[in-house]
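A short worksheet on the structure shown next.
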Amino acid sequence: MTVTWEELGWERVAAGVGRCRLPRWDCTVGLVLGEGTALVVDSGSSLAEGARLRAQAQELAGRRVTHLALTHPHFDHVFGAAAFAGAEMYAAVGLDAVFAYEREELRLDAVRGGLPEAEAEQAVDALPVPRHLVSGEWTLDLGGGRQALLANVGPGHTAHDLAVLVPGDPEVVFCGDLVEESGEPQAGPDAVPSHWPAALDRLLDLGGADALYVPGHGAVVDAAFVRRQRDELAARFGVSP
């Protein structure tokens, strides 16, 4: 018997496209189904969470997870990455250097954010460096007519922001934390506020007026919400329209 998205606590966004809204940090993980393939977007906040997400994704897909895309280098989105061993991993150019040289800061940020120290250390020690680095756009052919476009739209929320566009009717854009619905967008020390509104302009160009935009935290939104958040960020950071 085929399991449904809802039975596993996932939300179906479009045909063959869904997302899981995780507890505690309200972080989004996406899933895109192809023919014999499955793309997961972000990996959860710990190895245990990543393992649960992989098992659920594979149950929904009926196949192993073949691709993993990381939207940006924050612990709640990437610390489950090692649980996806064997999947081809994609990220924005520069995220590889963060993983290679800034592991201690990633660990400290996770502990400050409330992740138990043992889980943070375990995740950092196992953190894999992505093999595939996106500098502009990269189209994945997932089979059966399904494609996913990975786009390096940052900097903004971080210096290494990746969005994932899934063509279809409707089109779906996984935004990472460039867009947040359940709270004000967070600008930490690695944010690039002066470029954030322009990143959202690129995001809107990517998806268009009729796409569904899946934020890194919160409910799915439309282009009008993204445009409003773009204007609010421009006012907040003193960026000219």
For segment 19-79, which GluC sites (Glu not before Pro) pass both filters: DSSP loop (anything but H, G, I, E, B) and at most 12 other C-beta atoms within 10 Å?
Glu35
Amide H neighbours of Gly176 under 5 Å, counting only residues 5+ apart in sequence or on other chains, H built in-plane at 1.01 Å?
Gly216
Taking H placed 1.01 Å from N in the peptide plane, check which residues at least 5 places from Glu171 or on another chain put their amide H under 5 Å from its amide H.
Leu212
For the chain, what is the convex hull volume of its Cα atoms per residue in Å³?
111 Å³
Which translational diffusion coefficient, to the nearest whole µm²/s, is obtained for segment 131-241 from the Stokes-Einstein equation, given a Kirkwood hydrodynamic radius over C-alpha pairs, 20 °C and 1.002 mPa s?
153 µm²/s
Note on segment 103-155: C-alpha Rg/Rh, Kirkwood Rh, two decimals, gives 1.17
In Å³ and rounded to a whole number, note down the convex hull volume per residue for the Cα atoms of segment 7-56.
80 Å³
In whole percent, the fraction of accessible protein surface over the chain that belongs to carbon or sulfur atoms, probe radius 1.4 Å, stands at 49 percent
With a 1.4 Å probe and all protein chains left in place, how much accessible area per residue does the chain have, in Å²?
41 Å²
Taking H as built 1.01 Å from N, whose amide H comes closer than 5 Å to the amide H of Ala219, not counting residues under 5 places away?
Glu181, Ser182
Kirkwood Rh, segment 39-156, all Cα pairs: how many Å?
14.5 Å
Share of pairwise Cα separations in segment 26-96, more than 19 Å, in percent:
22 percent
Anyone know which of His77, His157, His195 comes out most mobile in the 10 Å Cα GNM of the chain?
His195
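The values are calculated or read from the model by the stated rules, or taken from the named source; none is laboratory data. Keep in mind it's a predicted model, so treat the numbers as computed, not measured. Counting neighbours? That spans all protein chains shown, and the Cβs are built from the backbone with ideal geometry, glycine included. Ligands, DNA and RNA are excluded from the accessible area calculation, which covers all protein heavy atoms including side chains. Shrake-Rupley method; radii C 1.70, N 1.55, O 1.52, S 1.80 Å.
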